[in-house]
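Working notes, structure below.
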Amino acid sequence: MKKLWGGRFTKSTDHLMEQFSASISYDQRLYPYDIEGSIAHCKMLEKCKIIKSTESKKIIAGLQKILKEFERGEFKCDEKLEDIHMNIESRLTQMIGPVAGKLHTARSRNDQVCLDVRLYLREETRDIESAMGNLCQTLLKLARKHIDWIVPGYTHMQRAQPIRFSHHLLAYMEMILRDRERMRDMYKRINIMPLGSAALAGTNFPIDRNYTAKLLKFPEITHNSMDAVSDRDFLIEFCSTSAIIMMHLSRFCEEIILWSTSEFDFMELSDAYSTGSSIMPQKKNPDSAELIRGKTGRVYGNLVSLLSMMKSLPLAYNRDLQEDKEPLFDTVDTVFQSVALMNEMLKTARWKKIPQEKLSARGFLTATDLADYLAQNGTPFREAHEITGKTVAYCLKNNKTLETVTLEELQALSPKIQKDVFAHISMEGSADRKNVYGGTAKNQIEKQIKRLEKKLKTYPKIK
Ligand code: ARG
């Protein structure tokens with residue numbers, strides 16, 4: 001088959017080379033963007049009188065027909081035509097004849113592919129960002145619902161201090177909100193129009209780049225043609241933001257997996273997001289959470305692939321850059337699905353409030369509160385720490401907890417202890433004494449919920 005670039009060639013491309021260099025199997029997902037970009041380019045060529053209006057009409061009608069063919073699943077991709085751009089151009093030529101060749105005036109595949117990827121990623125970023133918004137809404141709802149649920153907070157995976165479950169959920173919400181901010185910020189750097197850069201140097205034709213940008217709703221155009229066709233930092237930024245999102249989701253999933261064990265028994269995922277075992281009939285596994293945790297690795301890998309691909313590339317376009325697509329597409333798919341799945345998983349989970357006795361039974365979560373109580377009553381903190389340590393030892397020996405130990409027993413350890421101590425060392429009392437901005441006291445959590453509600457409500461749509 002004659003290649004669209006075959007003019008100076010006498011021999012045909014080797015079959016192995018053809019297979020090796022074809023990207024059509026995966027870049028065909030760019031078809032709507034390639035067609036959209038071509039239509040805008042064509043309109044611009046017409047407006048600048050580079051092609052005739054009759055020619056432009058033919059080209060645009062042909063492109064619209066091709067779009068329909070794709071949508072109906074009738075378009076036949078050919079590996080010999082390398083990529084999506086040449087597959088479409090070749091089909092256009094079949095349809096409308098040699099006038100199709102005018103579409104590529106003042107354009108190169110180098111700026112074309114860059115435009116397509118930007119159009120594609122712009123849309124995907126908006127979808128991911130809005131899925132993140134839904135996830136935040138779910139977290140906020142759960143936080144509101146479980147505000148009275150006190151659970152152990154952990155450090156070193158050892159019970160540390162009582163916290164409100166809402167506090168734990170809102171910690172993840174803060175992370176996801178930062179990720180969302182990163183997405184929104186990065187969007188500005190995706191949303192730039194590269195067409196007109198041509199192969200690397202710009203074009204001889206009197207084109208109007210701003211007009212193309214306007215048609216495609218880009219607020220800005222690239223400022224350096226060599227940079228425009230050869231950098232992929234906007235993709236790297238997307239993959240790096242995605243890697244951070246996945247890291248956050250993965251941490252959360254790790255907790256969900258733990259919380260679903262009979263040892264923790266805090267929650268149960270809905271059947272819709274769990275699977276059974278083919279050998280152990282009693283099992284219900286949190287596979288959805290495990291898969292998100294597992295897929296985090298490939299998203300990290302995609303970031304490293306892109307960084308490695310770029311690191312030694314001289315200016316301007318090099319074919320290595322074709323390798324940007326698979327890691328990008330895989331990242332888009334994985335992140336979108338993970339965020340959406342996480343939201344559904346949380347929305348449908350059953351949360352099991354653990355009985356207070358079980359909560360305070362082990363771990364002496366309020367020991368620090370007892371030490372603080374003593375210190376506030378004038379005992380030097382070192383001594384308060386010592387007395388509390390002795391109290392814990394006493395309880396362990398006598399099978400008591402800080403919730404069941406009596407005032408007499410406590411007073412035997414320190415005469416400074418009064419009846420009001422129980423307001424300090426109960427689980428709830430302890431949590432509500434953390435009345436500092438950002439702390440776990442109920443009124444602080446309520447304050448945060450209000451702030452976050454307002455934040456979500458007033459979040460402008462990504463533009
Ligand atoms: N399929 C190519 C890519 O993804 C399109 C650009 C080809 N340009 C070239 N000079 N061979 O990068």
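No lab work stands behind these numbers, since they all come straight from the coordinates. No experiment lies behind these values; they were computed from the predicted model shown. We place every Cβ from the backbone using ideal geometry, glycine too, and count neighbours over all the protein chains shown.
In table form, for the structure just shown:
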{"read-out": "Cross-link partners of Lys11 among aspartates and glutamates (Cα-Cα below 20 Å; sequence separation of 8 or more within a chain)", "value": "Asp78, Glu79, Glu82"}
{"read-out": "Length released on extending from Lys454 to Lys52, taking residue separation times 0.36 nm less the Cα-Cα span", "value": "139.4 nm"}
{"read-out": "Mean projection area, nm², convex hull over Cα of the chain", "value": "30.0"}
{"read-out": "Distance from the range 214-247 to the range 332-369 (C-alpha centre basis), Å", "value": "36"}
{"read-out": "Mean shadow area of the range 250-364, taken as a quarter of the surface of its Cα convex hull (nm²)", "value": "11.1"}
{"read-out": "Degrees separating the helix 31-47 axis from the principal Cα axis of the chain, which is the longest one", "value": "50"}
{"read-out": "The range 112-232: radius of gyration over Cα atoms, expressed as a fraction of 2.2 N^0.38 Å", "value": "1.64"}
{"read-out": "Within the chain, longest stretch clear of exposed chymotrypsin sites (Phe, Trp or Tyr not before Pro) (DSSP loop, no more than 10 other Cβ within 10 Å)", "value": "10-436"}
{"read-out": "Mean-position separation - Cα centroids, the range 28-98 and the range 426-463, in angstrom", "value": "53"}
{"read-out": "Relative contact order, percent, the range 281-387 [alpha-carbon distance under 8 Å, six or more residues apart]", "value": "21"}
{"read-out": "Per-pair calculated FRET efficiency, R0 = 56 Å: Lys141 and Asp208 via Cβ, rounded to 0.05", "value": "0.70"}
{"read-out": "Unit Cα scatterers, Debye sum, the range 336-396: log10 I(q)/I(0) for q = 0.15, 0.16, 0.21 Å⁻¹", "value": "-0.62, -0.64, -0.82"}
{"read-out": "Helix axis angle, 109-145 relative to the chain longest principal axis, alpha carbon, degrees", "value": "20"}
{"read-out": "Relative contact order (percent, whole number), the chain, Cα cutoff 8 Å, 6+ residue spacing", "value": "15"}
{"read-out": "Cross-link reach list, lysines versus Lys434, counting only Cα pairs under 19 Å and skipping chain neighbours closer than eight places", "value": "Lys442, Lys447, Lys450"}
{"read-out": "D_trans [Stokes-Einstein, Kirkwood Rh over alpha-carbon pairs] for the range 182-332, 10 °C, 1.306 mPa s, µm² s⁻¹", "value": "85"}
{"read-out": "With at most 10 other Cβ atoms within 10 Å, longest stretch of the chain clear of loop GluC sites (Glu not before Pro) (DSSP)", "value": "264-463"}
{"read-out": "In degrees, nearest ten, helix 53-71 long axis to first principal axis of the chain (Cα)", "value": "50"}
{"read-out": "Greater than 24 Å apart at Cα, pairs in Lys2/Lys76; Lys57/Lys214; Lys80/Lys325; Lys353/Lys454; Lys145/Lys455; Lys49/Lys102", "value": "Lys353/Lys454"}
